[in-house]
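**Q** What follows is a structure written as structure tokens; I'll ask about it next.
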Amino acid sequence: MKKIWLVAAGFFFSLSALYSQSPDDININHIFGVAVRQEKGMIAHLPDTVHYPRSLNPDGSVRLVGPSDWTSGFFPGSLWYTYENTGMEPFLYNARRWSAAISSMRYNTGTHDLGFMFGCSFGNGYRLTGDTLYRDYMLEAAHSLASRFNPVVGCIRSWDFGNWQFPVIIDNMMNLELLFWAFHESGDSSFYKIAVSHARTTMKNHFRSDYSSWHVVDYDPETGAVLSKTTHQGASDSSDWARGQAWGLYGFVMTYRETGDTAFLQQAEHIANFILTWPGMPADLIPYWDYMAPGIPDAPRDASAAAITASALLELSRYDPADSARWFDGASSILTSLSSAGYMAKPGENGFFILKHSTGSKPSNSEVDVPVNWADYYFLEALTRYRGMVKTNNPPEILGGVPGRVFAGEADSVMIMGLDLDENDTVYLSLAGAPSFAVLHPAGQDSAWLVLHPEKDDIGEHTFLIRAEDRRGNISEQEVSLEVADPFWKNIRITASSWQDPNVPGNALDGDLNTRWSAEGEGQWIEFDLDTVLWLRSVSIAFYLGNTRNAYFTIEISTDGEHYDKVYYGTSSGTSLQLQEFVLGDTLQARYVKIVGSGNSQNMWNSYTEVTFGIVYYITGMQLHAMNEGSFMLRSFPSPASERLYVEYAPATAAPLLFTVHDLSGRLLLTRKISLTDPGKESLLVLDISSLDKGIYYLTATQAGKRRSGAFLKR
Ligand code: GLY
């Protein structure tokens, strides 16, 4: 199944999703729809394919890591799962791209994390494509991992840093999967023996009598004796670090799968029981970062531990008939929580990660209550497993970024898709309440092209619905807001004194109130070159956080880009996120409009989500062109004109219409009143202009207080 990108950069519209019947709690169509949007957005923001998004920095920027980081495999791994579930080819292409650089780690014998790094990236790649290059590299990585095995201890050494002699952490159970895989693939039983030895030794030394686990067990590398049992990322040596419990569960379920040894299955059941019956476990089953964290119930959670647990419980439910329902229900409850608004991001938010609220290492105050890439990976893995186990029934998820702004006289088209993973259903797409310039052309069993071809008369705001219906009658609808804009706006060039990535100047003119230009400090400015000298009536600005603080700014204008006049000293209302209009006057000429910021009532940031201009009229070549507040059509020809000016108009209402002609100094020269007008009907008026001197004049039509103006040239 071939799918192309469906999300146009920058514009996301899912204002309302209305379901015809109550969907499953775990709406896999919606969740993978979010994954598609977030991963697409993440890819668009990554600098190259050798940096991997790991989490968010305290300042909100994406923390990038290289291939050697223990988490490098998770982002490509998530792309593999999204490809596997949606069949959308760009995810295959990008999963390959972000897997590639990890190959450089295959000879790295300095870490136990090769299982994570290679299994999640190349392991899924090999499973889904059969590419033997992936296989060869993974086998080499498995050799590197096996080199860390100490037969006296019976374990693989986890870390090479710190003051331990031979530290083994519970997380290391996860890396055994690469060794089991290598045994199956190569027939070399040493991989198998190492993995089983590590699992047995861990089962013996890492667990307390209640089947909770210590994080770090330090061994004497000469004798194999246990030297200490401590924590590194947990609250205390005797506490239960949440992710450690999850790694242990997952590791022993996997080891049972690979060995068939029921001792490992029983171990997994005991751990699962410990997790699910922990008295302090929150009702939503998303654990605190440590079961004994200080400050409970206000302690940060670790959604990643929950995602790992859910994936492991789903697998456990298949091996344990007696308690199958219990493990499955536990996993379902976790997935229901994780896919709720409390934990799953809205598209475009959360730094383009999927899940919120994970904790990396609380004791070192690193990655506390943030998105992390391994939470997303195990969430998608769990959902992939879930899909394979139950028949789901969800309304289709409508995918496809509709451009927020289309220019009159131009055509635009976007692919719309009704994502339905339930039974790979046929999805019927349709439009409701759409203007005649918007048409759907079917493009496959679940996709269609939305073609937009507006004309001048369509300039303005349009709202309509895209509707998707599957064969079982599940319907979802998505509201689309579309602005048909005058092509004039396209020619505006934007510059700024500086900006804070990714809040670039262009964000102030993209028709999207969710993006912004931001620059910190007194005198930071953003400038708009309107391409030609215009009559500027007003500047409208929408401010970031405009409903919580007052922004201070001045507006300077110039006709030549050299000499500027300060024409406005402004303070925003402090009560609105919408555009606020600042009227400059009717007779200011400007080509360059510079907004100079002086911070706001809370700090020195200058942040504008959108800027628009109230233009009174302008001349393109010698053609008259009007574009201001009147919604009625006004057009005149010829230009230049000598004796007569023909004026075409279509009134908006039945109110009387007044036509006036002024010269450049504003002197009124002609008036004509039409008392009986016919709303919407195109009419023609002939004005005798023989008495006018040679030059430029303004023609204005006024109806019910609304004005529409243009210029014409008298020959
Ligand atoms: N293996 C590293 C962690 O779970 O944080």
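**Q** Scanning for something over 35 Å from the mean Cα position of the chain (by Cα) and acidic (Asp, Glu), does the stretch 266-281 turn up at least one residue?
**A** yes
**Q** If you check ARG667, ARG672, ARG635, which single one turns out to be of a type in the set (Lys, Arg) and at pLDDT 85 or above?
**A** Values: ARG667 fails: at pLDDT 85 or above; ARG635 fails: at pLDDT 85 or above.
So the residue among ARG667, ARG672, ARG635 that is of a type in the set (Lys, Arg) and at pLDDT 85 or above is ARG672.
**Q** A further question on this structure: What is the residue count in the stretch 281-310 for residues that are within 15 Å of the ligand (Cβ to nearest atom) and among the small types (Gly, Ala, Ser)?
**A** Result for the stretch 281-310: 5.
**Q** Going through SER68, SER72, SER55, SER78 one at a time, which residue ends up being hydroxyl-bearing (Ser, Thr, Tyr), within 21 Å of the chain's Cα centre (by Cα) and assigned to a loop (DSSP other than H, G, I, E, B)? Steps first, answer last, please.
**A** Details: SER68 fails: within 21 Å of the chain's Cα centre (by Cα); SER55 fails: assigned to a loop (DSSP other than H, G, I, E, B); SER78 fails: assigned to a loop (DSSP other than H, G, I, E, B).
Exactly one of SER68, SER72, SER55, SER78 is hydroxyl-bearing (Ser, Thr, Tyr), within 21 Å of the chain's Cα centre (by Cα) and assigned to a loop (DSSP other than H, G, I, E, B), namely SER72.
**Q** Could you go through the stretch 355-363 and let me know if any residue there is surrounded by fewer than 17 Cβ atoms within 10 Å (Cβ to Cβ) and within 16 Å of the ligand (Cβ to nearest atom).
**A** Residues of the stretch 355-363 surrounded by fewer than 17 Cβ atoms within 10 Å (Cβ to Cβ): 361, 363.
Add one more test, that the residue is within 16 Å of the ligand (Cβ to nearest atom), and what stays is 361, 363.
Within the stretch 355-363, one or more residues are surrounded by fewer than 17 Cβ atoms within 10 Å (Cβ to Cβ) and within 16 Å of the ligand (Cβ to nearest atom).
**Q** Can you name the number of the only condition in (1) in contact with a Phe, Trp or Tyr (Cβ under 9 Å, 6 or more places away or on another chain); (2) among the acidic types (Asp, Glu); (3) more than 16 Å from the ligand (Cβ to nearest atom) that ASP261 fails?
**A** Every listed condition holds for ASP261 apart from (1).
**Q** I'd like the residue in the stretch 311-336 that is buried (at least 24 other Cβ atoms within 10 Å of the Cβ) and within 12 Å of ASP284 (Cβ to Cβ) and, out of all such residues, is nearest to the ligand (Cβ to nearest atom). Walk me through how you get there before you give the answer.
**A** Start the filter on the stretch 311-336 by keeping residues that are buried (at least 24 other Cβ atoms within 10 Å of the Cβ), which leaves 311-314, 316, 327, 331, 334-335.
The next check asks that each one be within 12 Å of ASP284 (Cβ to Cβ); those that pass are 334-335.
On the way: ILE334: 18, LEU335: 20 Å.
This residue is ILE334.
**Q** Which one of these does ASN628 not meet: (1) modelled with pLDDT of 75 or more; (2) in a loop (DSSP other than H, G, I, E, B); (3) under 43 Å from the mean Cα position of the chain (by Cα)?
**A** (1)
**Q** Out of the stretch 654-672, which residues are over 17 Å from SER636 (Cβ atoms) and not in a loop (DSSP other than H, G, I, E, B)?
**A** Matches in the stretch 654-672: LEU668 only.
**Q** Run ALA448 past the list (1) more than 26 Å from the chain's Cα centre (by Cα); (2) buried (at least 16 other Cβ atoms within 10 Å of the Cβ) and report the number of the one that doesn't hold.
**A** ALA448 satisfies every listed condition except (1).
**Q** Taking the condition away from the ligand (no atom under 16 Å from the Cβ) and either crowded, with 23+ Cβ neighbours inside 10 Å or of a type outside the set (A, V, I, L, M, F, W, C) (or both), does GLY123 pass?
**A** Working: away from the ligand (no atom under 16 Å from the Cβ): yes; either crowded, with 23+ Cβ neighbours inside 10 Å or of a type outside the set (A, V, I, L, M, F, W, C) (or both): yes.
Against the criterion (away from the ligand (no atom under 16 Å from the Cβ) and either crowded, with 23+ Cβ neighbours inside 10 Å or of a type outside the set (A, V, I, L, M, F, W, C) (or both)), GLY123 qualifies.
**Q** Output the number of the condition that HIS112 fails; it satisfies all remaining conditions of (1) surrounded by fewer than 20 Cβ atoms within 10 Å (Cβ to Cβ); (2) in a loop (DSSP other than H, G, I, E, B); (3) not polar (S, T, N, Q).
**A** Unmet for HIS112, out of (1) surrounded by fewer than 20 Cβ atoms within 10 Å (Cβ to Cβ); (2) in a loop (DSSP other than H, G, I, E, B); (3) not polar (S, T, N, Q): (1).
**Q** Of all strands (runs of 3 or more DSSP E) completely enclosed by the stretch 161-253, which ones contain at least 2 residues that are out of contact with any helix residue (DSSP H, G or I) (no Cβ under 9 Å at 6 or more places or on another chain) and within 16 Å of the ligand (Cβ to nearest atom)? Reasoning before the result, please.
**A** Details: elements: 167-169, 216-219, 226-230.
Output list is empty.
**Q** Looking at the stretch 81-109 only, could you name the residues that are more than 16 Å from the ligand (Cβ to nearest atom), within 18 Å of MET138 (Cβ to Cβ) and either among the aromatic types (Phe, Trp, Tyr) or part of a loop (DSSP other than H, G, I, E, B) (or both)?
**A** Scanning the stretch 81-109 gives TYR81, TRP98, ARG106, TYR107, THR109.
**Q** What single numbered condition from (1) closer than 30 Å to GLU315 by Cβ; (2) surrounded by fewer than 17 Cβ atoms within 10 Å (Cβ to Cβ) fails to hold for ASP369?
**A** For ASP369, the exception is condition (2).
**Q** Can you name the condition, by its number, that ARG63 falls short on among (1) away from the ligand (no atom under 16 Å from the Cβ); (2) more than 18 Å from LEU178 (Cβ to Cβ); (3) within 17 Å of the chain's Cα centre (by Cα)?
**A** Failing condition for ARG63: (1).
**Q** Can you tell me which residues in the stretch 545-574 are assigned to a strand (DSSP E or B) and crowded, with 16+ Cβ neighbours inside 10 Å?
**A** Quick first cut of the stretch 545-574, residues assigned to a strand (DSSP E or B) only: 551-558, 565-571.
Correct list: ALA551, TYR552, PHE553, THR554, ILE555, GLU556, ILE557, SER558, VAL567, TYR568, GLY570.
**Q** Here is a follow-up. Would you check if there is a residue in the stretch 126-149 being surrounded by 20 or more Cβ atoms within 10 Å (Cβ to Cβ), within 16 Å of the ligand (Cβ to nearest atom), assigned to a helix (DSSP H, G or I) and within 32 Å of the chain's Cα centre (by Cα)?
**A** No, there is no match, as no residue in the stretch 126-149 is surrounded by 20 or more Cβ atoms within 10 Å (Cβ to Cβ), within 16 Å of the ligand (Cβ to nearest atom), assigned to a helix (DSSP H, G or I) and within 32 Å of the chain's Cα centre (by Cα).
**Q** Quick one: which strands (runs of 3 or more DSSP E) sit completely within the stretch 423-531 and have at least 3 residues that are closer than 30 Å to LEU545 by Cβ and modelled with pLDDT of 90 or more?
**A** Working: elements: 427-432, 438-442, 447-452, 460-470, 475-485, 493-496, 517-520.
Counting at least 3 such residues, we get 475-485, 493-496, 517-520.
**Q** Hey, among the residues in the stretch 74-109 that are of a type in the set (Gly, Ala, Ser) and more than 24 Å from ASP420 (Cα to Cα), which one's surrounded by the most Cβ atoms within 10 Å (Cβ to Cβ)? Please lay out each step first, then the result.
**A** Taking the stretch 74-109 and keeping what is of a type in the set (Gly, Ala, Ser), we get 77-78, 87, 95, 99-101, 103-104.
Now drop any that are not more than 24 Å from ASP420 (Cα to Cα), which leaves 99-101, 103-104.
Numbers: SER99: 29, ALA100: 18, ALA101: 19, SER103: 19, SER104: 13.
Once the filter is applied, the top-ranked residue is SER99.
**Q** Restrict the check to the stretch 384-405 and report whether at least one residue is within 24 Å of HIS215 (Cα to Cα) and more than 15 Å from the ligand (Cβ to nearest atom). First the steps, then the outcome.
**A** Residues of the stretch 384-405 that are within 24 Å of HIS215 (Cα to Cα), as a first pass: none.
Within the stretch 384-405 (the criterion being within 24 Å of HIS215 (Cα to Cα) and more than 15 Å from the ligand (Cβ to nearest atom)), the answer is no, since none of the residues qualifies.
**Q** Also, quick follow-up: Which residues, taken from the stretch 364-374, are within 11 Å of the ligand (Cβ to nearest atom), among the aliphatic types (A, V, I, L, M) and out of contact with any helix residue (DSSP H, G or I) (no Cβ under 8 Å at 6 or more places or on another chain)?
**A** Passing the criteria: none in range.
**Q** Still on this structure: Taking the stated definitions as given, is GLY523 on the phi > 0 side of the Ramachandran plot, in contact with an Asp or Glu (Cβ under 8 Å, 6 or more places away or on another chain) and of a type outside the set (Ser, Thr, Tyr)?
**A** Numbers: on the phi > 0 side of the Ramachandran plot: yes; in contact with an Asp or Glu (Cβ under 8 Å, 6 or more places away or on another chain): no; of a type outside the set (Ser, Thr, Tyr): yes.
Taking the combined requirement at face value, the residue does not satisfy it.
The values are calculated or read from the model by the stated rules, or taken from the named source; none is laboratory data. Here the structure is a predicted model, which is why all the values come from computation and not from measurement. Cβ: placed from backbone, ideal geometry, glycine included. Neighbour counts: every protein chain shown.
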